[in-house]
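To start, the structure itself, in structure tokens.
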Amino acid sequence: MKKITVSAPGKLMLLGEHAVVYGKPCLVTAVNQRMTATVELTDDKIFQLDAPDVQITNYQKPITHLGKGEIPKGAKFVEMTVKNFLNRHPERLAKDLSRMRPSNKLRDSSASPQNDNLGIKIVTKSEFSSEFGFGSSSASTVCVIKALSQLTGANLDNKQIFNLAYKTVLDIQGKGSGFDVAAAIYGGTLYFVSPGKVIQPLKINTLPLIVGYSGIKFDTVRIIDEVAQKAKKYPWVIGNVYDQIGQLVEQAKKAILKEDWESLGELMNFNEGYLATLGVEGKKLSRMIYAARDGGAYGAKLSGAGVGDCMIALHSVQGKQAIKKAITEAGGQVINIKTNAEGVRIE
Ligand code: PMV
């Protein structure tokens, strides 16, 4: 049977979170901790998933039941991805299966997979904890689409992979800009406007970031909803905040391209102030952010939806150790990553 392994990077939001959901640009970088999916086409009509990092072992259901019934949290993204791929490309899989089984050579290759014996077995493995907020769900969605695209000869290009992966994320979460999906596919450091209206890779050599994990987990969709409530009550405040964040992102893009870390740090600090206005700063994250600044960072801010997950700090060559120490003393866990990592790839 045909089998393939694909990997995709995690991501870190640099600037522009929340405002990006409302049409403003953001900056995101891919990190060198990766999600891997091994995908195999079988002929037992079963969808099988092993995702030990999210406590899914030997999860099985008939292919015809994809998306139906109670789906465990850890299986949702992969299962819905397969369902959406099959809905979008049924003819590819039917064709592929008839090629795989010599006895089926004469079968009608346009038959829908629902009538066929198609089964799909997937094993996912992550180099990072799903708790960090590095976008493990989106990365696994991207891996599975890329793998199925290769196995079936559908050969989707990056934009087609983006569209299908983003649709899957929206089917499950209802909201989100898709910046994490873009980072998983394209890698590098991107200037992104939702929903994939602009996906511009920035040519850079380095990005001197330190990442601190707060140990606090909070639901991204819930935070987006709370910010939306505020925007409804105080549109003149929040609307302006989004506009200002959009401006910061434009300036930050220039600073990144010039490797002007001092300016980028200042812009990150401004961005953090606006995120505090949105009410998503989180006490512990704030302590870590101020500690990093006191420790000599050019700038520091939360990364992602806020309240929990990670903060990022921009460091000088000499300042690295002192900032790491400051973050640790504030109760954070420093995660060693490299930015600007390669996008989705076949292993
Ligand atoms: O919490 P994360 O890392 O998934 O980041 C969410 C960032 C938001 O802008 C709040 C939402 C989004 O999809 O852009």
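The values are calculated or read from the model by the stated rules, or taken from the named source; none is laboratory data. Computed from a prediction, not measured in an experiment: that's the story for all the values here. FYI the Cβ positions are ideal-geometry reconstructions off the backbone, even for glycines, and counts take in every protein chain you see. These accessible areas exclude ligands, DNA and RNA; they are computed on the full protein's heavy atoms, side chains included. Shrake-Rupley method; radii C 1.70, N 1.55, O 1.52, S 1.80 Å.
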With θ set to phi - 60°, apply the Karplus curve 6.51 cos²θ - 1.76 cosθ + 1.60 along the stretch 335-346 and write out the HN-Hα couplings as whole Hz, x wherever there is a Gly or Pro. 10, 7, 9, 10, 8, 6, 6, 5, x, 3, 8, 7
Whole-angstrom Cα spans of the chain along principal axes, big to small: 70, 44, 34
Among Thr64, Thr189, Thr141, which one moves the most in a GNM of the chain with springs linking Cα atoms closer than 10 Å? Thr64
Here, trypsin sites (Lys or Arg not before Pro) of the stretch 44-81 satisfying both criteria (DSSP loop; at most 11 other Cβ within 10 Å) are Lys68
Reach of Lys283 by Cα under 17 Å, taken over lysines that are not fewer than 8 positions away in the same chain: Lys217, Lys301
Using amide H atoms built 1.01 Å from N in the peptide plane, name the residues 5+ places from Ile56, or on other chains, whose amide H lies under 5 Å from its own. Ala51
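Tell me the Kirkwood hydrodynamic radius of the stretch 3-202 in angstroms, computed as one over the mean inverse distance between distinct C-alpha pairs.
Here the Kirkwood hydrodynamic radius works out to 17.1 Å.
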Full extension from Gln321 to Val237: what is 0.36 nm times the residue separation minus their Cα-Cα distance, to one decimal in nm? 26.4 nm
Can you work out ³J(HN,Hα) from phi for every residue in the stretch 34-48, in order, using Karplus 6.51 cos²θ - 1.76 cosθ + 1.60 and θ = phi - 60°, giving whole Hz and x for Gly and Pro? 10, 9, 10, 10, 9, 10, 10, 8, 10, 10, 10, 6, 10, 9, 10
Please state, as a whole number in µm²/s, the translational diffusion coefficient that the Stokes-Einstein equation yields for the stretch 193-283 at 25 °C and 0.890 mPa s, with Rh defined as the Kirkwood radius across alpha carbon pairs. 162 µm²/s
Do any trypsin sites (Lys or Arg not before Pro) in the stretch 152-221 lie in a loop, going by DSSP, with at most 15 other beta-carbon atoms within 10 Å of their beta carbon, and if so which? Lys175, Lys197, Lys203, Lys217
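Would you please give the FRET efficiency between Thr328 and Gln247, computed as 1/(1 + (r/R0)^6) with r the Cβ-Cβ distance and R0 = 30 Å, to the nearest 0.05?
Computed FRET efficiency for Thr328 and Gln247 comes out at 0.35.
Given N residues in the stretch 209-335, what is Rg(Cα) / (2.2 N^0.38 Å)?
For the stretch 209-335, the normalised Cα radius of gyration comes out at 1.05.
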Can you work out the FRET efficiency for the pair Asn87 and Lys45, with r the C-beta to C-beta distance and R0 = 22 Å, to the nearest 0.05? 0.85
Cβ-defined net charge surrounding Leu257, 13 Å radius [Lys, Arg +1; Asp, Glu -1]: +1
Env charge @ Gly74, Cβ radius under 11 Å, K,R +1 / D,E -1, value -1
Counting only residues 5 or more apart in sequence or on a different chain, those whose built amide H sits under 5 Å from that of Val31 are Gly10, Lys11, Leu12, Ala341
Just read off the accessible area of Glu40 with the full protein assembly in place, 1.4 Å probe, to the nearest 10 Å². 40 Å²
Could you check which residue among Ile223, Ile185, Ile210 shows the biggest mean-square fluctuation in a GNM of the chain with a 10 Å Cα cutoff? Ile223
The long-range amide H neighbours of Val344, using H built 1.01 Å from N in the peptide plane and a cut-off of under 5 Å, are Ile185, Tyr186, Gly187
